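Below you'll find the structure, written out as structure tokens, and then a few comments.
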Amino acid sequence: MSTQNIEKHEFQAEIKQLLDIVIHSLYTEKEIFVRELISNASDALEKLRHLKITEKEVFDDNLPLEINITTDDKANTLTIQDFGVGMSKDELTQFLGTIAHSGSKQFLQAIKEGGEKNENLIGQFGVGFYSAFMVAKEVKVYSHSWKTDEPGHVWSSDGSGAYEIEEVEGQRRGAKIVITLQDGEKKYASKDTISEIIKRYSSFVQFPINLNGEKVNTIDALWLRSKSEIKDEEYTEFYKFQANAFDEPHYRLHFSADAPLDIQALLFTPKTNPERAGFGRIDPAVALHCRKVLIDPKPKELLPEWLRYLKGVVDSADLPLNISRETMQDGGLTQKLGRVLTKRYLKSLAEEAKKRPEQYAEFFKNFGIYLKEGVAMDFTYRDDLAKLLYFESSVSEKGKTTSLADYVSRMKDDQKEIYYILGQNRESIESGPYLEGFKARGLEVLFLYEPIDEYVMSNLGKFDEKGLVSADQGDLKLDEAPASEGEPLSEDDAKALCSWLKNAIGERVKEVKVSSRLIDSPVMALSPDAMSSQMRRMMRQMGQENPMPVEVLFEINPRHALIKNLNTQRQSNEDLAKLVAQQAFDNALVAAGLLEDPKDMVTRMYQILEQAATK
Ligand code: ADP
Ligand code: MG
């Protein structure tokens, strides 16, 4: 063959970077490359199966849809061939030489942001093809596209920085990957080794895999078999295979239905949440099948977005076989299918929460955020989802959670609303001034720790006909508190003190009044509108400048020594009393998360200390 037709190309810079990571630090298990190449072969065959339905002409039309693997321990090679869609010259350059496809892009992004801390998660990205270079001295990809009008090509590279492409005669449709192994990796040229690896990672591939001419997999659509025949290990293996996962499923749901649609579904809830580990937004991954034939591995329109963490398979004989990935969107059928699945899955979660609360709590810790997203964004399932929310509360032990329904079952006879409060953690809520008024009246308060929680509550508005109310809201009416200890200021004194305070603090406060909620603390700040002050603080922390001007209500506890002393002092030493008033107000703002600028507070504190030290 003349060498004039050989084209040399450099890999894109990102690919070089990627290759470097893949070769040197990605997988501890190098054997994974076999799985990656088989999964590419299987993808290529799936794509061809679809093309055969939609296209008039396909190159090498009568080739079987299968994967042929050969080992040669003399030549020290491993060959993986499929009769799938293949790649044209442009596609070889684009798919194997640039970062165009999503998997690798996401992967690099994740590596940059999250580091290499979690190998399991990294594995889920399937940087696929390049993993061959962990064991290869050289990789050659012989390929002929399914399109008839272009000749075959061979792509070759040693993985160092460049690759070559050359035209070749006599190629069959699909791709044939020939790996010449590095000296230290000769075991991958042994039939037994490869056979074992296929069993471990690829036994669920939906096309025949022949190893040196012998079929090695059983093509088994696990989801179509009856539950009673399937062992736990088979489910777990299938999950790992199908979701490209390294963890075990936390829950699995295998069910079938025939009305309103024919459905066989196998849904897995993972143990780990990749979004929480900083790996960016995940794609939906419940694959859609029709009578075992894969229609779309990542259908966007099937399930609601907040269920994007689910893995698994749905098979419906009611879907038209020739439905293409592009036309799926306008199929109301897929949405209908999605609704049935969603309802069924939520029901199973509700059952799990009842039957095995601890396991559910573990699930909720990792994936509760998605359910909350659902409550906030998706009206359709709001009521079902609300029942699945769990929070700590003022009556729960630290670390234990309660559902809204359980809260309602504990409500006092005359209690009409469900109270909650948002804070950084249990300690900061319990040490703040807001809880005491509720405690004294025997009212339970839910503790919310995540900014989205309050958003969820205000979107939900009600649960079981009971309003959801933030405990640091200004216009909250509570019943008369049981008499607490200590003589309060007289009503007149208290009134006079309030108007004096209003003056002393100035325009930073909207109104000062005697509190009906304070028991142990001297003062508290409240925001009059629905957005709680904690929410504001969190919004500010998330980088939002001044999320709406704040009008602060200031409440005082007329039984507290500080307040009583202040009332005396304002008549004997008004200058100092003013400083104390300002300081008490700032303290309340701090507890409410409303203090914008602590600078004045520090200066003032020194002035107070100075006077305290001279007396
Ligand atoms: P991914 O499979 O996640 O897309 P890979 O690195 O495994 O990433 O593969 C890159 C791309 O190369 C694939 O998306 C596909 O377009 C192409 N490709 C790889 N192997 C084959 C094959 N056997 N047949 C056809 N195309 C392939
Ligand atoms: Mg791949």
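The values are calculated or read from the model by the stated rules, or taken from the named source; none is laboratory data. Computed from a predicted model, the values in this text were never measured in an experiment. Because the Cβ atoms are built from the backbone with ideal geometry, glycine has one as well, and the counts that use them run over all protein chains shown. Surface accessibility is based on the protein's heavy atoms, side chains included, excluding ligands, DNA and RNA. Shrake-Rupley method; radii C 1.70, N 1.55, O 1.52, S 1.80 Å.
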May I ask for the angle, rounded to the nearest 10°, between helix 32-54 and the longest principal axis of the chain, with both axes built from Cα atoms and the value confined to 0 to 90°?
-> 80 degrees
Can you tell me the Rg and the Dmax, both Å, for the Cα atoms in the range 386-437?
-> 11.6, 31
Which value, in Å², gives the accessible area per residue of the chain when a 1.4 Å probe is used on the protein heavy atoms?
-> 48 Å²
Principal axes of the range 319-437: Cα extent on each, largest first, Å = 64, 30, 27
Just grab the label-to-label distance for LEU63 and THR614, each label 7 Å out from Cα along the Cβ direction, in nm (one decimal).
-> 9.6 nm
What size of dipole, in debye to the nearest 20, comes out for the chain about its Cα centre when the only charges are +1 on Lys and Arg C-beta atoms and -1 on Asp and Glu C-beta atoms?
-> 700 debye
What residues have an amide H closer than 5 Å to that of GLN473, excluding those fewer than 5 places away on the same chain, when H is modeled at 1.01 Å from N in the peptide plane?
-> none
Whose amide H sits under 5 Å from the amide H of ASP318, counting only residues 5 or more places off or on another chain, with H placed in the peptide plane?
-> ASP262
R0 of 56 Å, Cβ-Cβ distance LYS215-MET411: FRET efficiency to nearest 0.05 | 0.30
R0 = 25 Å: FRET efficiency of LYS355 with ARG382, Cβ-based, nearest 0.05?
-> 0.60
Mean Cβ-within-10 Å packing, highest first, puts peptides 447-459, 177-189 in the order 447-459, 177-189
Given the range 145-299, what whole percent of its Cα pairs are spread farther than 25 Å?
-> 52 percent
Residue-span extension gain [GLU55 to LYS398] - 0.36 nm each, minus C-alpha spacing = 117.3 nm
Angle between the Cα long axis of helix 357-377 and the longest principal axis of the chain, 0 to 90 degrees, nearest 10?
-> 90 degrees
On the accessible surface of the chain, probed at 1.4 Å, how many percent belong to carbon and sulfur atoms?
-> 48 percent
Among LYS240/LYS343; LYS372/LYS398; LYS137/LYS298, the pairs whose Cα-Cα distance exceeds 27 Å are LYS137/LYS298
The helix 102-114 Cα axis meets the longest alpha-carbon principal axis of the chain at an angle in degrees, between 0 and 90 and rounded to 10, of 40 degrees
In what order, largest first, do LYS30, LYS477 sit by accessible area if the probe radius is 1.4 Å?
-> LYS477, LYS30
Provide the gained length on full extension for the span SER160 to LEU478, in nm with one decimal, where the gain is 0.36 nm per separating residue minus the Cα-Cα distance.
-> 107.2 nm
Kirkwood hydrodynamic radius of the range 213-298, from inverse mean 1/r over distinct Cα pairs, in Å | 14.6 Å
How far is the Cα center of the range 374-427 from the Cα center of the range 260-293, in Å?
-> 28 Å
What does the convex hull of the Cα atoms of the chain come to per residue, in Å³, rounded to a whole number?
-> 202 Å³
P(r), alpha carbons of the range 183-222 - 10 Å bins starting at zero, rounded % = 30, 49, 18, 3
Once the piece of chain linking GLU29 and THR236 is laid out straight, how much longer is it, given 0.36 nm per residue of separation minus the C-alpha distance between them?
-> 72.6 nm
Peptides 356-363, 412-419: what's the order by average Cβ count within 10 Å, highest mean first?
-> 356-363, 412-419
Report the net charge of residues surrounding ASP61, where surrounding means a beta-carbon distance below 9 angstrom and charges are Lys +1, Arg +1, Asp -1, Glu -1.
-> 0
Taking only C-alpha pairs under 8 Å that are 6+ residues apart, what is the relative contact order of the chain in percent?
-> 9 percent
